[in-house]
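Presented below is the structure to which this report refers.
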Amino acid sequence: MRGFPDILDDCDLDLYFADYARGVMEAGGTPVHIPIDADPAAVGDRLDGIVLPGGTDIDPIRYEADPDPELLDPEPERDDLELGLLSAALDAELTVLGICRGIQLLNVLQGGTLHQHIPEHSRFDLPIDTTIHQVSFAEGSTLHGLYGSSARVNSLHHQTVADLGRDLTVTARADDGTIEGLEMGDHVVAVQWHPEMMPTRDTDPIFGWLVHRASR
């Protein structure tokens, strides 16, 4: 922050992308940011649901793989926090929405693996709300109920689901076969694209689903 450089040198900062919280608020929910050094066991039972947002790559040691040369710098503390929160949420059958890194985290927690570098999906050369490709949804899935048979989405990731984790169902795929949606029961939905960055965020049904189900 301008005017406080010396002070900030000695401060720890938690940084958040605000669009996730805005999506929750626009759907009628109250977002709560969890600090990076929180104890997942202490906060998990106080929540009605969780959003696992996008961000840096998950450390491949979590799924027993060697790091790709193009791997983004892992954040072990964040991996610990989010894996702990997700594990607690699954145990309690809380509502979970995973976005981008969130779908990858869900798959890794359930014993799956990741493709570590898919450069053709990393469309960081375009505005973040640019629709890149079509995603098709499995009939009877939660995502199909929210979006219909297909939707056009943005693409801001370079990693994707590889080997599928246990108890997960693939419910969305891109035209090239890339897994774009996973579900577990009726309370866990995870997507590879970024609905919070689309111009339709305030009416996107996935945030309405999250808030409605969490409020139950």
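Read the figures in this text as sums done on the coordinates, not as results from a lab. Everything quoted here is computed from the prediction, not taken from an experiment. Methodologically, a virtual Cβ is constructed for each residue, glycine included, from the backbone with ideal geometry; neighbour enumeration extends over all protein chains shown.
Quick notes on this structure:
- Most positive-pole-ward Cα, 116, 150, 160, against dipole of the stretch 5-215 from beta carbon charges: 150
- Excluding exposed DSSP-loop chymotrypsin sites (Phe, Trp or Tyr not before Pro) (at most 14 other C-beta within 10 Å), longest clean stretch of the chain: 18-123
- Viscosity 0.692 mPa s, 37 °C: Kirkwood-radius Stokes-Einstein D of the chain over Cα pairs, µm²/s: 185 µm²/s
- If the chain linking residue 162 and residue 46 were pulled fully straight, counting 0.36 nm for each residue of separation and taking away their Cα-Cα distance, it would gain 38.5 nm.
- Among 35, 53, 195, the largest mean-square fluctuation in a Gaussian network model of the chain, built with springs joining Cα atoms closer than 10 Å, belongs to 35.
- Within the stretch 5-215, antiparallel bridges make up roughly 70 percent of the DSSP beta bridges whose residues both belong there.
- Mean projected area (nm²) of the alpha-carbon convex hull when the stretch 13-102 is viewed from all directions: 6.5 nm²
- Magnitude of the charge dipole for the stretch 5-215, about its Cα centre and with charges confined to Cβ atoms of Lys, Arg (+1) and Asp, Glu (-1), is about 1000 debye.
- Estimated distance in nm for a label pair at residue 18 and residue 72, the labels positioned 7 Å out from Cα along Cα-to-Cβ: 2.0 nm
- Euclidean distance between Cα centres, the stretch 92-106 to the stretch 107-140, Å: 14 Å
- Qualifying GluC sites (Glu not before Pro) in the stretch 36-104, where qualification requires a DSSP coil assignment and no more than 14 other C-beta atoms within 10 Å, comprise 64, 70, 93.
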